[in-house]
Amino acid sequence: MYSKIFKIQKTGLSIIGLLIIVNLTSCKEDSNSQDIAPQVATVEKEIDRYEFGFKLNDFIVVRDTIKKGDSFGEILERNKIGYPKIFQIAEKAKDSFDIRRLQVGKPYTLLLSKDSIQLPECFIYQPNKIDYSVIDFQDSIHAYNRRKPITYVEKEVSGVITSSISVALDDQGVSAVLTNKLADDIYAWTIDFNRLQVGDRFKVIYTDKYIDDSIYAGVDKVKAAFFEHKKEPFYAFEFKTDSIKGIIDYFNEDAKNLRRAFLKAPVQFSRVSSRYNLRRRIAYYGNKIRPHKGTDFAARVGTPILATANGTVIKASYTRSNGNYVKIRHNSTYSTQYLHMQKRKSKVGEFVKQGDIIGWVGMTGNTAGPHVCYRFWKNGRQVDPFKQKLPEAEPISKQLKLSYLEYIKSIRSQLDNIQFLEDEFLANQEDEFQSKLN
Ligand SMILES: [Zn+2]
């Protein structure tokens, strides 16, 4: 949803990425420009292809997916293997591969002998993109499970928010997942991505994941980011604060946690339909002041409602105006309340963590449309959560702070060295100007 407003400049393209692009363009040329293409003599040489630990050139490779009604036995039988042999294979393989586990729609590969009989010698099943099971019956029967190698490629990207905002992020080959990570994970509390300014700019160091060096498997993680919003710099560095629990957070250049103890909204992908407003006038009530002490987030009926912070449920009930609602006490200062639920999930006394589902959006009680009315209590008074300086989530420990500051030194200079397109342009002009003078 944010991707439309980015103009992206990408650096540090991996060789893999380049190869893919080259392949795509050459395909296009083949089909479109046959008339004008000059005759080129090509020498075709078969290259060695490896997959699943086999040299594929040595076999006839048959790829298919498990169809409804397929079984291991039928697949082999169709390929000229008799039932005594099939039973023998299934029996020998069963410790590492249960042939009943085959799922409709999953890919499998048969390696057939490269002779006139073309008998299957190997069956490979892929329950997902990474794992695969091999039953090898070339001579003796053995079965094993393996994982395809995963490689991580570090990339850098920078971009400037422009007024002519039409270039989508994904058009540039950068996954929209990356934008969402920036908007919803890393900068959710510091920058409102719905109110970005023209001229805001950013740089990101992130890693992409590839299976078998060639299949793109998405963004793995964002290592560091820099965002300039209204000329203010915002640094973010990923850092693991607890290797046992695997707790990872983003901190700024002074080791302050960017995450806050409270989520910004109790529902994802929602919009604020009515803000906290003590002087709200409603025509329905003859334009009298009817203060709205909550913030309304409109979302579809059934959308999960999330606890915005850790706490204990102190109310889970129904009233005529609130409908189904839940109230959570976070500490002696803060409580939050969620109204008009279709259904409650949490019970009084339950401890909930930030992001846990406590109910679903509905329109019970006094409401005209599906939304959650979010009420934010501070010291027993309802306040506007958007006007609060929310407490930092988990502050970094004193001990860790020093190693953190040491750790980010080189990453920060890497970030600082990434150029923006306009900077590069100006630098080139400067160079040209200088060379003309000389
Ligand atoms: Zn409300």
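The values are calculated or read from the model by the stated rules, or taken from the named source; none is laboratory data. These numbers come from a predicted model, not from an experiment. As a convention, Cβ positions derive from the backbone with ideal geometry for all residues, glycine included, and neighbour counts pool all protein chains shown. Just the protein is used for accessible areas: all its heavy atoms, side chains included, with ligands, DNA and RNA removed. Shrake-Rupley method; radii C 1.70, N 1.55, O 1.52, S 1.80 Å.
Straight-line cross-link reach from K293 at under 18 Å between alpha-carbon atoms covers these aspartates and glutamates, not counting any fewer than eight positions away in the same chain: D384. The alpha-carbon of K68 sits under 19 angstrom from the alpha-carbons of these lysines, leaving out residues fewer than 8 places away in its chain: K106. Lys and Arg at +1, Asp and Glu at -1: add these up for the other residues within a Cβ distance under 13 Å of L306 and post the number. Result for the neighbourhood of L306: +1. With all protein chains in place and ligands, DNA and RNA left out, the 1.4 Å accessible area ranks K343, K293, K45 as K45, K343, K293, largest first. Using R0 = 41 Å, the C-beta based FRET efficiency linking Y144 and E406 works out to 0.40. Taken over the stretch 362-407, the percentage of Cα pairs per 10 Å bin, counting from 0 up to the bin with the maximum distance, is 20, 23, 24, 19, 10, 4.
Computing FRET efficiency as 1/(1 + (r/R0)^6) for S214 and K114, where r is the C-beta to C-beta distance and R0 is 22 Å, gives about 0.35.
Carbon-plus-sulfur fraction of the accessible area of the stretch 287-369, 1.4 Å probe, in percent? Intermediate values should be presented prior to the final figure.
On the way: 1910 of 4080 Å².
Carbon plus sulfur share of accessible area: 47 percent.
If R₀ is 60 angstrom, what is the calculated FRET efficiency for the pair T319 and K80, using the beta carbon separation as r and rounding to 0.05? Given R0 = 60 Å and the Cβ-Cβ separation, E is 0.25.
Counting Lys +1, Arg +1, Asp -1, Glu -1, what net charge surrounds N128 among other residues with beta carbon under 11 Å of its beta carbon?
The answer is +3.
Taking 24 Å as the straight-line reach from the Cα of K231, the lysines in range (excluding those fewer than 8 positions away in the same chain) are K4, K7, K10, K181, K203, K223, K256, K264, K387, K389, K409.
Since only F351, T295, S321 are under comparison, the one whose Cα sits farthest along the positive direction of the charge dipole of the stretch 292-438, derived from C-beta charges on Lys, Arg, Asp and Glu, is S321. Extension gain, V348-N417: 0.36 nm per intervening residue step, less the Cα-Cα distance, totals 19.6 nm. Spatial offset of the stretch 197-241 relative to the stretch 271-331 amounts to 34 Å, using the alpha carbon center of each.
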